[in-house]
Amino acid sequence: MSGAAISPGHVTSADALLEVRGAAKNFGAVCVLKNISLQIAAGEFLTLLGESGSGKTTLLRLIAGFEQPTSGEIWMGNERLDTLPPYKRRVNTVFQNYALFPHLSVRENVAYGLRVKSTPKGEIAGRVEEALRMVKMIGFADARPATLSGGQQQRIALARALINRPQLLLLDEPLSALDANLRKQMQSELKALQREIGIAFLFVTHDQDEAMALSDRIALLRNGALEQVASPREIYSRPATAYAAEFIGQTNLLRGEINNGMVRCGALQWKTSEAGGPALFSVRPEAIQLADIVDDTTGIVQFRGTIQQQIYSGASELLEIDCGENQVLRVRIPASGPLTGEREFVFSAADAVRVTESSDAHASPSKDHESQ
Amino acid sequence: MYSRAYKAAIAAPPLLWVSLFLLLPYALMFAHSFWIVRDGFLVHDWNLQNYRALFTTPLYLQVFLRTARIAASVTLCSLLLGYPLAYYLSFHAGPRKDLLYQLVIVPLWVSYLVRGYAWKTILGSDGVLNGLLQYLHVTREPVSFFLYSPFAVVLMLTHIYTPFVFLPIYAALEHIPRPLVEASQDLGADRRATFLRIILPLSIPGLIAGATFAFVLSLGDFLAPLLVGGPSATMIANIVQSLFGAAYDWPLGAAISVCILLITISLLFLTERLEKRWAFR
C-alpha cells in the first residue's frame, strides 16, 4: 500500500495522540483491514463501531501490538509503534473477558504493570490503592478474581490497565459480558472516569446505542474499511453512506433521479440544487410528520400515503406508510392514538440527506430493500 | 428414579472387579508380610521379623536410596525435556502443532520391552553408539559404562516416561487462556517475565502431575535395570522380584512391597494436595 511513501522521520500531527496511517491486515488470503487511516486526539473518546467481522477488534490489536499490520504504520507522537513489541508500547488494554490473572489477588493483578517494571515497593502500594479507589474496589484488594462478579472483575481490569498511566486506553468490547442494567451503569461510570482522568479511550463495540452514548467520535467500520468517522450527532444527522444511515438508527432510503433541479423518488419529489443523475437519500422516520395545513411549501416535501401498520412504543409510535409505486416509508410520530386510512405527510427537504451507495457492491441494499 | 436393585446391579461388576483384583491381592500381600518362611515352608506365624530385617539390613536401604535417586533423576530429566517440548508445542508450533503432538505420543504405542531392547542395542559394547564413536575416531575402544549402569537406566526410563510428563504439562499449557499472555505483555512484561509470572505458575498442576507419573512409575520399575542396568543399578523392584522368585521369601518381598505401596500412596496424596493448591479454575 501507499504506506511505503511515508518518510521515516514522520511525526504525527500536533493535535493527534495516535495516528494510524494506511494500515492493512491480511490473514492469509483474507483481507480483514484495508488501508485504514485514523487519528486519535489526546483525551478523546473514540469508538470503533461495526458488526462482527468488520475488523474493529483487529484494528485495536494492531495498536496494542498483538498483531502486525501487513502494510502501513502506526505512530504515537514521534515514536513508531507498529515495530515495537506490545510490552514496549505506552498503551494499555482492557480485554473483552477481562483476562485477570487467576492465580493473583486483586492487589497483585493491579500491581502487575508496576511490578514487571521494578517499581519501588512503597510506590506500588500507594498507586495500587489509588487505582482501586478510582474504580471503587478498595475493599477487595485481597480477593481472588474468581470470587468477584462480572462487574467487579470489569473494574479490576480497568484499574489494572490504568496503573501504568497510559495516554491511550484500548477497550475491547469491555461491557459485552455484563447484563443490561449493569451495562448501562458501567457505561456512565466509564464515561465519568474517562472525563476525570482525561486520557484518550479507544473503545470497540458492536452496539450502536453504546457508541452514541459514550463517544466523542465514532469510527464506523465495515468489511475492513472505514465507512465514516464523525461525532455521534453528525453521523446520525449527516450519514455519509447508505450503510452508515441504516446501521446507526433507523432510516428510510429513497432511491431516485435528479433531473433539472428536481429530485424524483417514486411518488416523492422536491427541488434541489444538486447535480443531476441517480441519487440516494436518507430520511429519518422522525423527520417526517403528519401534515397540518401547509401554507408555505418552499423546501417542504409533501406526500399522501396509506397507513399499513402502527407500532406503539410508549412515547412514540412507528407508522408504515404505503405511498404507492411500491414505496413504503417509516414515520415516527409522538404517541397520538390509533390512526387509519390515507393521510398527508411532510418532511423538510433539508432532512433528506444525500448518501453514497455503500462502497462494497456485495452488500449494497438490494432492490427489495429499496425505499423502505 | 432407579430402583435399589438396578443400582446394585450396575455397581456390582466394578466392585467385584476391584475386590477380586485389587483389594484381595493387597490383603494377601499385607498378610504375607507378617508371616515367615521356615525350613523352606511358608508358616502362618504372625510376627514383625520381616519389617525388622528390612530396616536393619543395609543392603535394602542402600538399594532403596539408589532407586529413589534414579527415580528422581528420571523425573528431573523428563521435566527438563518434557516441559520445553510442551511449551514449544503449545505456544510456538503454529500449524505443525497437531503433527508434532502425534509424534511425541507415538512411542507410547510401542511396547516397553521393544524400547528396552532397542536401548540395549544402542548402548552395548558392539552397539550403535560405540560403533559410531569408533567410526568417528572419538574413542578407540568400546565404552563400557554406556550399558549396565545407573546411567543407562536413567536414560531408558527418561525416554519412556518423557511423554507421560509431556502430556499433563501440555494439557495445562493449552488451558491457559491466551488473553492472559497478551494482558501480561500489554502491562509491560517481556516474554521472560510473562513466562515466569504467568505461564509457569499456571502450569504447575500439570508439572506436578507429570513429575508424579515419572517418579512413581520409575520407583516401581524392574525391567529397565534388568535389561540395561546390571548389578550396579539394581532397583528395589528387582529385589522384590528375586525374593518372590529364586530366593523364595514371599513374606520379606511382601513387606518391601507394602513399604513401596505406602510411600507411593503418600506421594500421590501429597501431590494431589499440591495440585489442588495450585489450581485456580
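The values are calculated or read from the model by the stated rules, or taken from the named source; none is laboratory data. Bear in mind the structure is a predicted one, so any value in this text is a computation, not a measurement. Don't worry about glycine lacking a Cβ; one is built from the backbone with ideal geometry, like all the others, and counts go over all protein chains shown.
Can you name the residue in the stretch A:46-67 that is within 14 Å of chain B (Cβ to nearest Cβ) and assigned to a loop (DSSP other than H, G, I, E, B) and, of all such residues, is surrounded by the most Cβ atoms within 10 Å (Cβ to Cβ)?
Top of the filtered list is A:Gly65.
Does B:Gly210 meet the test of being away from chain A (no Cβ under 14 Å) and not β-branched (Val, Ile, Thr)?
Against the criterion (away from chain A (no Cβ under 14 Å) and not β-branched (Val, Ile, Thr)), B:Gly210 qualifies.
Please determine whether any residue of the stretch A:77-86 is more than 14 Å from chain B (Cβ to nearest Cβ), part of a strand (DSSP E or B) and touching a helix residue (DSSP H, G or I) at 6+ places or on another chain (Cβ under 9 Å).
no
Within the stretch A:300-318, is there a residue that is under 21 Å from A:Arg238 (Cα atoms) and more than 28 Å from the chain's Cα centre (by Cα)?
Taking every residue of the stretch A:300-318 in turn, at least one turns out to be under 21 Å from A:Arg238 (Cα atoms) and more than 28 Å from the chain's Cα centre (by Cα).
Just checking, how many residues over the stretch A:163-185 are buried (at least 22 other Cβ atoms within 10 Å of the Cβ), more than 11 Å from chain B (Cβ to nearest Cβ) and within 17 Å of A:Met137 (Cα to Cα)?
Count: 0.
For the stretch B:224-233, which residues satisfy the criterion of being surrounded by fewer than 20 Cβ atoms within 10 Å (Cβ to Cβ) and not polar (S, T, N, Q)?
B:Leu226, B:Gly230, B:Pro231
Please verify whether B:Leu54 is free of Cβ contacts under 8 Å to residues at least 60 places away in the same chain and not aromatic (Phe, Trp, Tyr), treating the condition exactly as stated.
No: the conditions fail for B:Leu54.
Please give the number of the condition B:Gly131 fails out of (1) within 26 Å of the chain's Cα centre (by Cα); (2) farther than 30 Å from B:Thr194 by Cβ.
It fails just one condition, (1).
So how many residues does the stretch A:193-223 have that are farther than 22 Å from A:Gln167 by Cβ and basic (Lys, Arg)?
1
Return yes or no: is A:Ala291 modelled with pLDDT under 90 and in contact with an Asp or Glu (Cβ under 6 Å, 6 or more places away or on another chain)? Before the answer, list the steps.
Values: modelled with pLDDT under 90: yes; in contact with an Asp or Glu (Cβ under 6 Å, 6 or more places away or on another chain): yes.
Taking the combined requirement at face value, the residue satisfies it.
Starting from the stretch A:343-372, take each residue that is assigned by TED's automatic domain parsing to the domain that holds A:Val283 and list its partners that are of a type outside the set (A, V, I, L, M) and at pLDDT below 50, counting only C-beta distances under 7 angstrom and pairs at least six apart or across chains.
A:Glu357/A:Ser364; A:Ser358/A:Ser364
Consider A:Gln96 against the criteria (1) of a type in the set (S, T, N, Q); (2) within 13 Å of chain B (Cβ to nearest Cβ); (3) in a helix (DSSP H, G or I): it satisfies all of them except one. Which criterion is unmet?
Condition not satisfied by A:Gln96: (3).
In the stretch B:136-161, what residues are of a type in the set (Lys, Arg) and within 28 Å of the chain's Cα centre (by Cα)?
Filtering the stretch B:136-161 for residues of a type in the set (Lys, Arg) gives B:140.
None; the set is empty.
Could you list, ordered by first residue, the pairs with Cβ atoms under 9 Å in which the first is in the stretch A:60-76 and on the phi > 0 side of the Ramachandran plot and the second is among the hydroxyl-bearing types (Ser, Thr, Tyr) and in a strand (DSSP E or B), at least 6 apart or interchain?
From residues that are on the phi > 0 side of the Ramachandran plot, the pairs are A:Gly72/A:Ser37.
Out of all the residues in the stretch A:333-344, is one or more at pLDDT 90 or above, surrounded by 12 or more Cβ atoms within 10 Å (Cβ to Cβ) and either touching a Ser or Thr at 6+ places or on another chain (Cβ under 8 Å) or not aliphatic (A, V, I, L, M) (or both)?
Yes, the stretch A:333-344 contains a residue that is at pLDDT 90 or above, surrounded by 12 or more Cβ atoms within 10 Å (Cβ to Cβ) and either touching a Ser or Thr at 6+ places or on another chain (Cβ under 8 Å) or not aliphatic (A, V, I, L, M) (or both).
Assess whether A:Ala125 counts as being within 14 Å of chain B (Cβ to nearest Cβ) and either of a type in the set (Gly, Ala, Ser) or farther than 21 Å from B:Ala189 by Cα (or both).
In short, no.
If the Cβ limit is 6 Å and pairs must be 6+ apart or interchain, which residue in the stretch A:255-278 that is closer than 26 Å to A:Asp322 by Cα pairs with which residue that is aromatic (Phe, Trp, Tyr) and assigned to a strand (DSSP E or B)?
Qualifying pairs under 6 Å: A:Val263/A:Trp270; A:Ala267/A:Phe303; A:Leu268/A:Phe303.
Here's the yes/no breakdown for (1) among the hydroxyl-bearing types (Ser, Thr, Tyr); (2) modelled with pLDDT of 95 or more; (3) within 30 Å of B:Leu89 (Cα to Cα):
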{"position": "B:Gly127", "(1), (2), (3)": "no, no, no"}
{"position": "B:Gln134", "(1), (2), (3)": "no, no, no"}
{"position": "B:Glu141", "(1), (2), (3)": "no, no, no"}
{"position": "B:Phe145", "(1), (2), (3)": "no, no, no"}
{"position": "B:Met156", "(1), (2), (3)": "no, no, yes"}
{"position": "B:Ile160", "(1), (2), (3)": "no, no, yes"}
{"position": "B:Val165", "(1), (2), (3)": "no, yes, yes"}
{"position": "B:Tyr170", "(1), (2), (3)": "yes, yes, yes"}
{"position": "B:Leu173", "(1), (2), (3)": "no, yes, yes"}
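If B:Arg115 passes every condition in (1) over 27 Å from B:Ala214 (Cα atoms); (2) within 27 Å of the chain's Cα centre (by Cα) but one, which one does it miss?
If we test B:Arg115 against (1) over 27 Å from B:Ala214 (Cα atoms); (2) within 27 Å of the chain's Cα centre (by Cα), just (1) comes out false.
Please give the strands (runs of 3 or more DSSP E) falling wholly within the stretch A:211-311 in which 3 or more residues are under 20 Å from A:Ser348 (Cβ atoms).
A:252-259, A:262-265, A:268-271, A:277-283
Scanning the stretch A:19-30 for residues that are in contact with a Gly (Cβ under 6 Å, 6 or more places away or on another chain) and among the hydrophobic types (A, V, I, L, M, F, W, C), which turns out surrounded by the most Cβ atoms within 10 Å (Cβ to Cβ)?
Within the stretch A:19-30, the match that is surrounded by the most Cβ atoms within 10 Å (Cβ to Cβ) is A:Ala23.
Only one residue in B:Tyr2, B:Tyr26 is of a type in the set (Phe, Trp, Tyr), out of contact with any Lys or Arg (no Cβ under 9 Å at 6 or more places or on another chain) and outside any helix (DSSP H, G or I). Which one?
Result: B:Tyr2 is the single residue among B:Tyr2, B:Tyr26 that is of a type in the set (Phe, Trp, Tyr), out of contact with any Lys or Arg (no Cβ under 9 Å at 6 or more places or on another chain) and outside any helix (DSSP H, G or I).
Which one of these is aromatic (Phe, Trp, Tyr), without any contact (Cβ under 8 Å) to a residue 40 or more places away in the chain and loosely packed, with under 15 Cβ neighbours inside 10 Å: B:Phe41, B:Phe30? It would help to see each step written out before you state the result.
Values: B:Phe30 fails: without any contact (Cβ under 8 Å) to a residue 40 or more places away in the chain.
Of B:Phe41, B:Phe30, the one residue that is aromatic (Phe, Trp, Tyr), without any contact (Cβ under 8 Å) to a residue 40 or more places away in the chain and loosely packed, with under 15 Cβ neighbours inside 10 Å is B:Phe41.
Filter the stretch A:1-48 down to the residues that are among the hydroxyl-bearing types (Ser, Thr, Tyr) and either at pLDDT 90 or above or closer than 18 Å to A:Gln194 by Cβ (or both) and list them by number. Give the steps one after another, and end with the answer.
Here is the first cut: in the stretch A:1-48, the ones among the hydroxyl-bearing types (Ser, Thr, Tyr) are A:2, A:7, A:12-13, A:37, A:47.
Matches in the stretch A:1-48: A:Ser37, A:Thr47.
Table: residues versus (1) away from every other protein chain (no Cβ under 14 Å); (2) buried (at least 22 other Cβ atoms within 10 Å of the Cβ); (3) in a loop (DSSP other than H, G, I, E, B).
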position: B:Lys120; (1), (2), (3): yes, no, no
position: B:Gly131; (1), (2), (3): yes, no, no
position: B:Val143; (1), (2), (3): yes, no, yes
position: B:Leu147; (1), (2), (3): yes, yes, yes
position: B:Phe151; (1), (2), (3): yes, no, no
position: B:Ala171; (1), (2), (3): yes, no, no
position: B:Val216; (1), (2), (3): yes, no, no
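Touching a Phe, Trp or Tyr at 6+ places or on another chain (Cβ under 6 Å) and at pLDDT 90 or above: which single residue out of B:Ala209, B:Ala254, B:Ala214 fits that description? Walk me through it before giving the result.
On the way: B:Ala209 fails: touching a Phe, Trp or Tyr at 6+ places or on another chain (Cβ under 6 Å); B:Ala254 fails: touching a Phe, Trp or Tyr at 6+ places or on another chain (Cβ under 6 Å).
Within the list B:Ala209, B:Ala254, B:Ala214, the selection yields B:Ala214.
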